[in-house]
Amino acid sequence: MSWGTELWDQFDNLEKHTQWGIDVLEKYIKFVKERTEIEINYAKQLRNLSKKYQPKKNSKEEDENKFSSCRAFLSTLSEMNDYAGQHEVVSENMTSQITAELARYVQELKQERKAHFHDGRKAQQHIETCWKQLEASKRRFERDCKEADRAQQYFEKMDADLNVTKADVEKARQHSQLRHQMAEESKAEYSAALQRFNQEQRDHYHTHIPNIFQKIQDMEERRIVRLGESMKTFAEVDRQVIPIIGKCLDGITKAAEAIDQEKDSQCAVEAFKSGFEPPGDVEFEDFAQPLKRASSECSLAAPGKEGKAATTGKAKGKLWPFIKKNKGGGPEDFSHLPPEQRRKKLQQKVDELNKEIQKEVDQREALTKMKDVYIKNPQMGDAGSVEHKLAELGQNLERLRQEAQKFEGWLAEVEGRLPVKTEPGRRQSGVCETPNTLTVNHCAQDRESPDGSYTEEPSQESEAKVPPPAHEFDDEFDDEEPLPTIGTCKALYTFEGQNEGTISVTEGETLFVIEEDKGDGWTRIRRSEDEEGYVPTSYVEVFLEKNAKGAMTYI
């Protein structure tokens, strides 16, 4: 099938058809371009998603990486980042191999099409010009023939008229002959023009137009082939990244299969183990004997049970209400943490300090060698310029070593390598085994404080800040009926009750007292039926009612 022979009279339709073909190509280019934008946006969103869930540096999330499930999640985020990279590759390859190439091809195609149809119009104009020349020659021949006929008739009429002079007849005869001669010339010219036109027409419809239309057909077929190749490239670009995407997905699967629930459980034990012994049986408190009552208020276990140490607490209460960490940073020696957690933190701190010490030692050795070189070869540098830095490193080393010794001492105390200042039974079990004559303050120092600290040595500050014993705080949760009000108090300072069992108060606020200070430095107050808790006694001014324990008023 050739357009030149089959579509010889469809010049205008071919012009529209080829323009439609270019429009289809441009539409496909636009489609691929939008696909590349989708790929790059998808890759960007995947990267942002992966970045969003990456653990922040120096945050609690970094500590969670010791769990295999968290490491698997991190591997998933990393693989998703690589997955996003493959979509970026798809976008880049489609842009370079399809969009850019087809855009250049379309420009070339437009120029070629324009040239072909320009040649077609030129051939069309030429044949139309030849046709006009033929028509003009034909009309001139027709006109000359008519003029010759009229001249002949006029001559015959003049020749038959006896009244016309011989000269007029001769003149009419010469005019008739002239007209016949002109008609013959027009005939010959028309015949030649007709032959020329027929030849031009044969050349036009059998040579020129078929050649032009064949070029247009070849151009259109190349466009179709190029479109098909681009579609194959479109699929191939995607196919090339499938193996890498498969590896990313295999990596996610491998990370998921590496999750070890038993190891995670062990990590949870290591992360949260406090080192405390479980509480023992609750001892009977005989309120009929005042001395024993005073003793029960200051100890977690009744003394005199053949040296048997047991922690106390109500059977149905929260036995360790202040075991939670404070929201603040806590003491430098991590005494606010349970023993096991404190040991881990101290060990971690010692390791960090040792690394810093080694780093400083390495720097000092390097500077010392540099100084020796400068002394032996003064032209290489001034040895005095290194002295200041060496002195600074020496000070840093001394400071770091002192810090390390301090933390190693605390660590040794926790691990039991050094003797502690308090009785072993008191530190290990949290039991106060002092005689009944000791006050509550002496015992309360071995309990947990509201900021979650675990203290081992008595001090004046701890006497003022340590909360009541655990079993007294449990009354808050176990009392079936609210305690009666025994007085009022006014807050002297603002107190942020951040731990369980405490309550926040604002300076100048007036509240109800439901339990007075028992000597441990804490007073139990109530704001409403649903809001009650302990505050430091030194933070409030208490006014007891007259019928409440002798109308005692204190600050």
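Since every read-out is calculated from the coordinates, none of them should be taken as a lab result. Owing to the predicted nature of the structure, the values given are computational and were not obtained by experimental measurement. Cβ atoms come from the backbone with ideal geometry, glycine included; neighbour counts cover every protein chain shown.
For the pair residue 15 and residue 254, what calculated FRET efficiency results from E = 1/(1 + (r/R0)^6), where r is the Cβ-Cβ distance and R0 = 56 Å, to the nearest 0.05?
0.40
Could I get the Rg over Rh figure for segment 67-198? Both from C-alpha atoms, Rh via Kirkwood, rounded to two places. Display every interim value, and only then the final one.
Details: Rg = 41.6 Å, Rh = 22.7 Å.
Computed over Cα atoms, the ratio is 1.83.
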When the Kirkwood hydrodynamic radius is evaluated over all pairs of different C-alpha atoms of segment 328-389, what value in angstrom, to one decimal, is obtained? 14.6
Name the residues whose placed amide hydrogens come within less than 5 Å of the amide hydrogen of residue 502, ignoring near sequence neighbours (fewer than 5 apart) on the same chain. 534
Formal net charge of residues neighbouring residue 126 (Cβ-Cβ distance under 14 Å; K, R +1; D, E -1): +1
Placed amide H near residue 336: partners under 5 Å, 5+ positions off or other chain: 454
Report the Rg/Rh value for segment 208-255, based on alpha-carbon coordinates and the Kirkwood definition of Rh. 1.52
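Can you tell me which of 519-526, 87-94 comes out highest on packing, and rank the rest after it, using the mean Cβ neighbours within 10 Å? It would help to have the intermediate numbers written out before the result.
Values: 519-526: 22.9, 87-94: 19.4.
Final packing ranking: 519-526, 87-94.
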What does the charge count around residue 107 come to, taking other residues whose C-beta lies under 12 Å from its C-beta (Lys +1, Arg +1, Asp -1, Glu -1)? 0
Computed FRET efficiency, Cβ-Cβ of residue 265 and residue 54, R0 30 Å: what is it to the nearest 0.05? 0.75
For segment 235-269 and segment 45-115, what is the centre-to-centre distance using only Cα atoms, to the nearest Å? 18
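With the cut-off at 22 Å, tell me which of the pairs 369/389; 490/518; 30/52 have Cα atoms farther apart than that.
On the way: 369/389 13 Å; 490/518 19 Å; 30/52 33 Å.
Those over the limit are 30/52.
Would you please put 370-377, 204-211 in order of how densely packed they are, using the mean number of other Cβ atoms within 10 angstrom per residue and starting with the highest?
Values: 370-377: 13.8, 204-211: 17.0.
Sorting 370-377, 204-211 by mean packing, highest first, produces 204-211, 370-377.
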Go through 197, 233, 207 and say which Cα lies farthest out towards the positive end of the charge dipole of segment 134-252; charges sit on Cβ, +1 for Lys and Arg, -1 for Asp and Glu. 233
Of the cross-linked pairs 66/345; 138/171; 51/344; 56/349, which ones have a Cα-Cα span greater than 25 Å in the structure shown? 138/171; 51/344
Over the residues of segment 143-290, compute the C-alpha Rg and express it relative to 2.2 N^0.38 Å. 3.90
